[in-house]
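The values are calculated or read from the model by the stated rules, or taken from the named source; none is laboratory data. All values derive from a computational prediction rather than experimental measurement. With ideal geometry, Cβ positions are generated from the backbone for all residues, glycine too; neighbour counts draw on all protein chains shown. SASA here: full protein model, heavy atoms, side chains in, ligands and nucleic acids out. Shrake-Rupley method; radii C 1.70, N 1.55, O 1.52, S 1.80 Å.
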Amino acid sequence: MGILATGLGQGLAITFGLFLLFGAIPGDVVDVLASAGDLDEAQQAAMRAELGLDQPAWRRFFAWVGAALAGDLGESQRFGQPVGPMLWEAAGVTLQLGALSGAFGIVLAFGLCLAQAAGSRAARAAVEAINLWSIALPTFCVGVAALLLFSVWLGWLPAIGGLLAPVVILGIDNAGQLAKPLSEEVAEVAARPHVMAARARGLAPLWLARWHILPLAAPVAVSLTGVMLAGLLGGTLTMELLFGLPGMGALVLNGIQGRDQPVVLAGLVAAALAIVLVNALTALVQGLLDPRQSSRD
Amino acid sequence: MAPLVSLRGLRVAFDGVPALRGIDLDVMPGEAVGLVGESGCGKSVTWLAALGLLPRQASVTGSVLLEGTELLAAPAQVLERVRGGRIAMIFQDPASSLNPVHRIGTQVAEAVALHQGLPRGAARAEAKRLLDQVGMPDAARRMDAYPHELSGGQNQRVMIAMALAGRPELLVADEPTTALDVTIQAQILELLTELRRAHGMALVLISHDLGVVAETCERVAVMYAGRIVEEAAVDALFAIPRHPYTKGLLGALPPIDGPRGPLASIPGGVPDPSAMPPGCAFAPRCPAHVQACDVAPPALLERDGRASACLLAA
Ligand SMILES: Nc1ncnc2c1ncn2[C@@H]1O[C@H](COP(=O)(O)OP(=O)(O)OP(=O)(O)O)[C@@H](O)[C@H]1O
Ligand SMILES: [Mg+2]
């Protein structure tokens, strides 16, 4: 309950902040349209009035929130299309990329840490390697390199619209950030007395790792997964632009370039709400993982 | 009778620093042996080494025979079957020896399923029976409790129930009552003795407390700085201690009815394991010290069915 209320408050605050920010960006959609064609001053003023751009920020904020709650996200000022379907389509692409790369990263990180908990030194070394990789190599550089190598030179992947390369690149990047702290936690948990006692009972290493080490190390990773998923939104933007995927990042960026306020707003608010949701889910899963936490509340 | 477990020349070093310097000890089937000595003398390491439970940086040499089978070089699968199945071990702090995020019924059933190969439902039923057997009050309801919801004594009962799941021939209890208060201590020791008789199980009781050992065990081995310095039947040891260290321990023992404390009142301290004296490790603290003591560490020699490692042992 508390989590929900906080999330709602955060969502509203972010939305209002965006309105203010948007007002601070010089130029609006009418300037953009005027620079392309020939609108005189009177036409521009009429257009601003029609779009409500002459109203103060707080009024536009409440008007927008009211309409959005009723399911109306307005029309793109630039293309004259309803924002809802545009957003829906773009969100589908981004969610697919985000979900696939997030899942790949989580599976890779947990897999390596499970192997480490079962006593594999190779897994520990692999964790260090992908961690270094993710710190040292920005996804943008890896993306460009992958484009050059696989698409341009080898001709294996389509340069535009292919999901495989961005999913792997983002996945490894996420796994690197997630696996390192998880691996440290695993090492710490593995040294606790109950693990020694369980070994003394004859449990096999993999069983021990699965039931007596990983569940106790997982909470740290779950909170990190929240941060990681939020960071993924940034990563997907890079990948969408590099690999020409028509996702949210591309939509919002194009919207900003065209000062297309309804598109940008809807896109950013959707992203913010997604982050708030991820954080709430994270807190929920943590509560489920550790019975001591729920009985303390 | 052949010994159940036989330790021979067991040595352990951590990063080149010796922790055990040659342990010879036999445990007969069904007998109760006490292992006493000051903190850090190697009591726990002895049995962790025997079961292959020490971390990788520990170097372990010598021999650990379980009814003739060498355990030190044994493959992992063999060791896993011995652990809990033939030799079980319980530890000092029962609360932290249990997995905090699993219900105790699940944990006991896990041990039952592992060692008796029972399916889930039958394993839970057997787990409940074991919890009843170790005197867990209201066992059926406690199956669903988490360790942090139980007292220290109840958690130790859970550990003992798990140890029984494998029907072991030897239970190594490493200071099982140190973390518990006095009345609970007595109950747990009584339970261990009872179970040992009922199952014909041998017991190695590791303790700081000679009084506890005297009540529970038939034979005692006294350790000092990584070696056994004296070994005898409980009565003989208490009546006539031969090693000056044992004499010191007995002298430090509180009166029988008084409160129990740690063994600490022998003057001086344990030698630094990385700078052992050339001769007897106890020589620097020994009231009976003579020059011959500093030549070489005295061997553990047997006489009249008991053994001591002292040149002057009378
Ligand atoms: N994992 C380890 N790494 C390094 N040294 C260790 C390790 N475990 C034990 N030791 C050392 O080995 C020696 C013997 O330790 P051990 O735990 O067997 O003592 P103990 O007789 O059981 O003492 P206590 O009564 O305090 O439990 C000590 O000097 C200890 O520092
Ligand atoms: Mg110990």
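Data table
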quantity: Ratio of the Cα radius of gyration of the stretch B:148-261 to 2.2 N^0.38 Å, where N counts its residues; calculated: 1.13
quantity: Percent of C-alpha pairs per 10 Å bin, the stretch A:87-296, short to long; calculated: 8, 29, 30, 20, 9, 3, 0
quantity: Helical contribution to [θ] at 222 nm, DSSP H n ≥ 4, -39,500 (n - 2.57), averaged over chain A, rounded to 500; calculated: -25500 deg cm²/dmol
quantity: Candidate aspartates and glutamates for bridging to residue B:128, where Cα separation is under 18 Å - those fewer than 8 sequence places away on the same chain excluded; calculated: B:110, B:138, B:144, B:149
quantity: Sequence-distant residues sharing a close amide H with residue B:145 (under 5 Å, placed H); calculated: B:104, B:105
quantity: Using θ = phi - 60° and Karplus 6.51 cos²θ - 1.76 cosθ + 1.60, couplings along the stretch A:180-197 (whole Hz; Gly, Pro as x); calculated: 4, x, 5, 5, 5, 5, 4, 4, 5, 5, 4, 8, 6, x, 5, 6, 4, 5
quantity: Debye log10 I(q)/I(0) for chain B, one point scatterer per Cα, at q = 0.08 Å⁻¹; calculated: -0.37
quantity: Between helix B:182-199 and chain B: long-axis angle, C-alpha atoms, 0 to 90°, nearest 10; calculated: 80 degrees
quantity: Principal axes of the stretch A:1-135: Cα extent on each, largest first, Å; calculated: 75, 42, 27
quantity: Degrees, to the nearest 10: A:121-136 long Cα axis against longest axis of chain A; calculated: 20 degrees
quantity: Antiparallel bridge percentage (DSSP; both residues within chain B; nearest 5); calculated: 60 percent
quantity: Total accessible area lost when A and B pair, probe 1.4 Å, Å² to nearest 100; calculated: 2100 Å²
quantity: Cα Rg, Dmax, the stretch A:2-69, angstrom units; calculated: 15.5, 53
quantity: Percent of beta bridges antiparallel (DSSP, the protein assembly as shown, rounded to nearest 5); calculated: 60 percent
quantity: Long-range HN-HN contacts of residue B:32 with modeled amide H, under 5 Å; calculated: B:203, B:218, B:219
quantity: Contour excess over end-to-end distance, with Cα ends at residue A:207 and residue A:133 and 0.36 nm allotted per residue; calculated: 23.6 nm
quantity: Average accessible surface area per residue within the protein assembly as shown, 1.4 Å rolling probe, Å²; calculated: 46 Å²
quantity: Estimated FRET transfer efficiency when R0 is 25 angstrom, pair residue A:89-residue A:288 (beta carbons, to 0.05); calculated: 0.15
quantity: Note, ³J(HN,Hα) from phi for the stretch A:245-253, Karplus 6.51, -1.76, 1.60, rounded to Hz, x at Gly and Pro; calculated: 8, x, x, 4, x, 4, 4, 5, 4
quantity: Convex hull projection area averaged over all views, the stretch A:179-248, Cα basis, nm²; calculated: 6.0 nm²
quantity: Spin-label model distance (nm) - residue B:8 vs residue B:39, 7 Å beyond Cα toward Cβ; calculated: 3.6 nm
quantity: Along each principal axis, Cα extent of the stretch B:34-132, largest first, Å; calculated: 43, 30, 27
quantity: Lysines with Cα under 25 Å of residue B:247, excluding same-chain neighbours fewer than 8 positions away; calculated: B:43
quantity: Viscosity 0.890 mPa s, temperature 25 °C, Stokes-Einstein D of the protein assembly as shown from Kirkwood C-alpha radius, µm²/s; calculated: 83 µm²/s
